[in-house]
Amino acid sequence: MLGDYRIEGRRASDIAASVEAGVGSGVLAPGSLLPPMRELARELGVNPNTVAAAYRTLRERGVIETDGRRGSRVRARPSSAPRDVLPMAVPAGVRDLTAGNPDVSLLPALDGSLAAAARRYAQAPTLYGEDPVVPELARLARADLDADGVPAGPVAVTSGALDGIERVLAAHLRPGDAVAVEDPGWVAALDLVAALGLRVLPVSVDDDGPEADAVARALAAGARALVVTSRAQNPTGAVVSADRAEELRALLAGYPEVLVIDDDHGHGIVDLPLQCLGGVTRHWALVRSTAKAYGPDLRLAVLTGDAVTLDRVRGRQRLGPGWVSRLLQYAVVELWTSHAVDRAAVARAYDERRDALIAALRERGVRAHGRSGLNVWVPVAVAGETAVVAGLLGAGWAVGSGSRHRVESGPGVRLTVSTLSVAEVPALADAVAGAVRPSGGGLRV
């Protein structure tokens with residue numbers, strides 16, 4: 001069942017730690033079946049309740065999942081396992097399209113904004129007990145949200161989009177609750193749900209966002225929360241369209257207790273309109289990161305939502321980090337007020353690269369997806385993902401395996417096009433066409 005690996009321990013905490021160590025080292029691979037609780041209890045000479053407590057701890061940590069009589073298995077994406085046990089080495093001379101980073105040439109210089117933030121700080125150093133959100137930042141953020149049709153709500157600041165999503169989920173959900181998540185979707189979001197001990201209910205995605213029938217199934221199956229990427233969906237580039245948003249709002253109206261989270265990390269790099277789903281149900285949140293437009297190291301995201309959700313998030317935040325550095329908040333205020341990023345120009349630059357690749361692939365008979373953002377998703381033939389990645393690497397292109405983004409959806413590969421030049425597109429399209437033939441079909445799998 002577990003090969004040569006032996007689970008050890010007399011206490012529940014020790015047994016759980018032993019399993020987690022095996023998962024973290026890679027010895028216990030995703031999908032490994034754990035011994036039945038009574039069998040392991042006999043082997044260890046402990047009470048079955050002790051093993052049951054250990055398994056419960058592992059489930060809450062997102063390490064294992066239990067499926068009735070089928071037993072307990074290591075999760076497909078256990079939270080304690082390294083994301084890349086065997087990371088793909090990118091040889092010298094190979095173009096790396098795996099990272100998911102923005103183009104640094106499109107990011108603003110931060111020296112002026114940071115210097116201005118330091119001057120503000122010198123005039124009034126931040127001390128304990130002050131408002132965790134700089135009032136000017138809250139005002140600017142709220143005005144931007146209002147312009148995009150986001151429902152009224154208080155503003156909080158978190159250390160990036162994922163931090164905001166985690167805090168909102170933790171404010172309402174408990175281990176074992178189900179969360180509807182896009183599939184294929186953002187690796188970090190899938191891992192976060194597992195790490196919180198929550199259950200993933202995969203929701204298929206097309207170019208217009210989460211498919212309504214898939215969302216309906218997840219809601220009927222007991223989803224307590226729905227996480228939606230508004231724009232620049234990772235990895236498919238989907239954008240929630242106006243028609244799709246109306247369908248989803250109509251569905252959500254029948255489930256007023258479901259928590260809805262809009263992830264708008266594409267703000268600042270996408271010129272397509274935002275379709276916010278918040279406000280239909282009692283509890284909702286929208287998180288808007290500065291990472292893609294201003295740089296990943298500017299760890300700041302604006303969060304808004306209903307009053308109860310924001311009160312819980314800010315209350316728990318006070319007991320942890322307290323606040324996101326007001327120096328960073330001052331810097332973002334300077335960036336926003338100085339218009340350091342020409343959002344339309346940045347969006348056009350990414351659109352040009354993405355659209356050129358999709359068009360070139362279409363000419364070669366390869367379907368690809370990417371309405372917005374930094375990535376292009378190419379579906380591939382069943383069981384062909386590894387071969388496509390290897391084939392492209394041999395041709396001088398490193399691309400991301402879609403397996404990291406998938407739960408139930410079909411195979412594909414992700415290409416980050418943020419640093420791709422239009423001149424490189426024909427050669428890349430030739431290589432992709434050669435690697436994926438025959439094509440794996442469309443996005444719906």
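Quick look at the numbers
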{"quantity": "Index of the failed condition, LEU361 passing every other in (1) over 18 Å from ARG231 (Cα atoms); (2) assigned by TED's automatic domain parsing to the domain that holds ARG244; (3) in contact (Cβ under 8 Å) with a residue 12 or more places away in the chain", "calculated": "(2)"}
{"quantity": "Residue in segment 284-296 that is farther than 29 Å from ALA340 by Cβ and more than 22 Å from the chain's Cα centre (by Cα) present", "calculated": "no"}
{"quantity": "Test: residue in segment 218-230 that is crowded, with 20+ Cβ neighbours inside 10 Å, at pLDDT 95 or above, touching a strand residue (DSSP E or B) at 6+ places or on another chain (Cβ under 7 Å) and among the basic types (Lys, Arg)", "calculated": "yes"}
{"quantity": "Subset of segment 160-184 [surrounded by fewer than 22 Cβ atoms within 10 Å (Cβ to Cβ), small (Gly, Ala, Ser) and either within 16 Å of the chain's Cα centre (by Cα) or in a helix (DSSP H, G or I) (or both)]", "calculated": "GLY160, ALA170, ALA171"}
{"quantity": "Where a residue in segment 202-216 is closer than 15 Å to HIS369 by Cα and its partner, wherever it lies, is surrounded by 19 or more Cβ atoms within 10 Å (Cβ to Cβ) and at pLDDT below 95, with Cβ under 6 Å and at least six apart", "calculated": "ASP206/LEU443"}
{"quantity": "Segment 142-159, subset of a type in the set (D, E, K, R) and part of a helix (DSSP H, G or I), residue surrounded by the fewest Cβ atoms within 10 Å (Cβ to Cβ)", "calculated": "ASP146"}
{"quantity": "Verdict on ARG139 being among the charged types (D, E, K, R), over 23 Å from VAL308 (Cβ atoms), surrounded by fewer than 17 Cβ atoms within 10 Å (Cβ to Cβ) and modelled with pLDDT of 95 or more", "calculated": "no"}
{"quantity": "Residue check for ARG299: within 28 Å of VAL333 (Cβ to Cβ) and either buried (at least 23 other Cβ atoms within 10 Å of the Cβ) or among the aromatic types (Phe, Trp, Tyr) (or both)", "calculated": "no"}
{"quantity": "Unmet criterion (only one of (1) touching a helix residue (DSSP H, G or I) at 6+ places or on another chain (Cβ under 9 Å); (2) surrounded by fewer than 23 Cβ atoms within 10 Å (Cβ to Cβ); (3) of a type outside the set (Val, Ile, Thr); (4) farther than 18 Å from ARG75 by Cβ) for GLY266", "calculated": "(2)"}
{"quantity": "Residue that is without any contact (Cβ under 8 Å) to a residue 60 or more places away in the chain and not assigned by TED's automatic domain parsing to the domain that holds ALA349, where the choices are VAL258, VAL332, VAL287, VAL313", "calculated": "VAL258"}
{"quantity": "Selection status of LEU286, modelled with pLDDT of 95 or more, surrounded by fewer than 24 Cβ atoms within 10 Å (Cβ to Cβ), hydrophobic (A, V, I, L, M, F, W, C) and in contact with an Asp or Glu (Cβ under 7 Å, 6 or more places away or on another chain)", "calculated": "no"}
{"quantity": "Residue match in segment 426-437 (condition: out of contact with any strand residue (DSSP E or B) (no Cβ under 6 Å at 6 or more places or on another chain), assigned to a helix (DSSP H, G or I), farther than 20 Å from SER204 by Cα and of a type in the set (Lys, Arg))", "calculated": "no"}
{"quantity": "Whichever residue in segment 404-424 is charged (D, E, K, R) and surrounded by fewer than 21 Cβ atoms within 10 Å (Cβ to Cβ) and, among such residues, is nearest to VAL104 (Cα to Cα)", "calculated": "GLU424"}
{"quantity": "VAL308 among the β-branched types (Val, Ile, Thr), under 21 Å from PRO210 (Cα atoms) and more than 17 Å from the chain's Cα centre (by Cα)", "calculated": "no"}
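Condition check ((1) within 22 Å of GLU65 (Cα to Cα); (2) within 15 Å of the chain's Cα centre (by Cα)) across all residues:
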{"position": "TRP186", "(1), (2)": "yes, yes"}
{"position": "ALA194", "(1), (2)": "yes, yes"}
{"position": "ASP208", "(1), (2)": "no, no"}
{"position": "ALA223", "(1), (2)": "yes, no"}
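The values are calculated or read from the model by the stated rules, or taken from the named source; none is laboratory data. The structure displayed is predicted, hence computed values, not measured ones. With ideal geometry, Cβ positions are generated from the backbone for all residues, glycine too; neighbour counts draw on all protein chains shown.
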